[in-house]
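Accompanying notes for the structure given below.
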Amino acid sequence: MTNAPNTVDMQALQRRRAHRTAWKIGLVAVAVYVGFILTGVIGR
């Protein structure tokens with residue numbers, strides 16, 4: 001049998017990790033986007 005509180009804790013931990021990973025990927029995407037814009041502005 002599974003222990004309900006342990007399962008809930010593990011799900012919460014996975015959710016926090018997924019949220020943190022999504023933020024990191026989002027920040028990298030924004031950095032790349034800003035980088036391309038800056039190279040376009042500076043490249044003129």
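Here, each number is a calculation from the coordinates, and none is a lab measurement. From a predicted model like this one, the values you see are computed outputs, not experimental measurements.
Compute the long axis of helix 4-42 from its Cα atoms, compare it with the longest principal axis of the Cα atoms of the chain, and write down the angle in degrees, 0 to 90, nearest 10.
In the chain, helix 4-42 runs at an angle near 0 degrees to the longest axis.
Please give the calculated 222 nm ellipticity per residue for the chain, where each DSSP H segment of at least 4 residues contributes -39500 (n - 2.57) and the sum is spread over every residue; nearest 500 deg cm²/dmol? Intermediate results must be reported in sequence, preceding the final value.
Working: 1 runs with 39 residues, N = 44.
Using -39500 (n - 2.57) per qualifying helix, the result is -32500 deg cm²/dmol.
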